[in-house]
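Please treat every number below as a calculation from the coordinates, not as lab data. As the structure is a computational prediction, the values presented were derived from the model and not from experiment. Don't worry about glycine lacking a Cβ; one is built from the backbone with ideal geometry, like all the others, and counts go over all protein chains shown.
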Amino acid sequence: MLLNVPALVVGNVKFQRILTCIIFTMLLFRTEAYARSELETIRNRISANVIFLRHALAPGFGDPNNFVKQDCSTQRNLNNKGRLQARLIGHYLKASEIRFSEILTSEWCRCIDTTKELNLGKWDTFSGLNSFFEGHEKKYKVMDKLRKKLGSLGHSDLVLLVTHQVVIFEQTGIAPKSGEMVLYNSLTKQTSRYMVDYK
């Protein structure tokens, strides 16, 4: 019997493409299932109703001397790596199938840009998340607003708060890395930190 060599080659190529698609789909589902189980396990452990997220990578320290809150060109901003990090965190949160009842962000551009790159839906700015690191905001005013907000939350809420290291540390005692999450129960004050591997 004569073999049709071109047909065999084409058949093998098609098979390899189909196999590649199947493997990719399996890996995607496995990643999403892992995201669901891991983050949900951490959340359920402390019944977290808040997730603090420090803004994504923004090289530098503090803000320039000519800082103006409404002008991003006067601020320390996300670099390309930071934008990619925020997008990957957003993808991970979507894969976890966690639904936020509210998403709030600091009025600083690096937090707003992080929130935009997350692409998780509707969000609002909230001055109770602004940085007081260099005195651009009064610490007591920021924390008073934040604590009133946290005090209004119940067991069934799940709020994502995109903010700064100083704010998260002041409330939780944890100093997160850029892009790190701190899960928080506003009723019991329990915490747990979590970092999405974006590399």
Task: Paramagnetic reach from N119 in the range 77-93 [backbone N under 14 Å; point 7 Å along Cα→Cβ] - done: 83-93
Task: For D63, net neighbour charge (Lys/Arg +1, Asp/Glu -1) across residues whose Cβ lies under 10 Å away - done: +2
Open item on the list: Going 7 Å from the Cα of D157 along its beta-carbon direction, which residues of the range 110-134 have the amide nitrogen within less than 17 Å of the resulting point?
Closed with: 123-130
Open item on the list: Past the 17 angstrom mark, what percentage of all C-alpha to C-alpha distances in the range 60-120 do you count?
Closed with: 45
TODO: Please find the FRET efficiency linking I174 to S47, where r is the Cβ-Cβ separation and R0 is fixed at 25 Å, and quote it to the nearest 0.05.
DONE: 0.90
Open item on the list: What distance in nm lies between label points placed 7 Å from Cα along the C-beta direction at E40 and K145?
Closed with: 3.5
TODO: Sort V196, V162, V167 so the one with the fewest other Cβ atoms within 10 Å of its own Cβ comes first.
DONE: V196, V167, V162
Open item on the list: Students often get this wrong, so check it: of K116/K177; K81/K138; K81/K145, which have C-alpha atoms separated by over 22 Å?
Closed with: K81/K138; K81/K145
Task: Those aspartates and glutamates that a straight Cα-Cα span of less than 16 Å connects to K141, excepting residues fewer than 8 apart in one chain - done: E107, E170
Open item on the list: Cut-off is 10 Å between beta-carbons; in what order do M195, M143 appear when sorted fewest neighbours first?
Closed with: M195, M143
Open item on the list: Within 10 Å of each candidate Cβ there may be at most 15 other Cβ atoms; applying that plus a DSSP loop requirement, which trypsin sites (Lys or Arg not before Pro) in the range 91-196 survive?
Closed with: R99, K122, K138, K177, K189
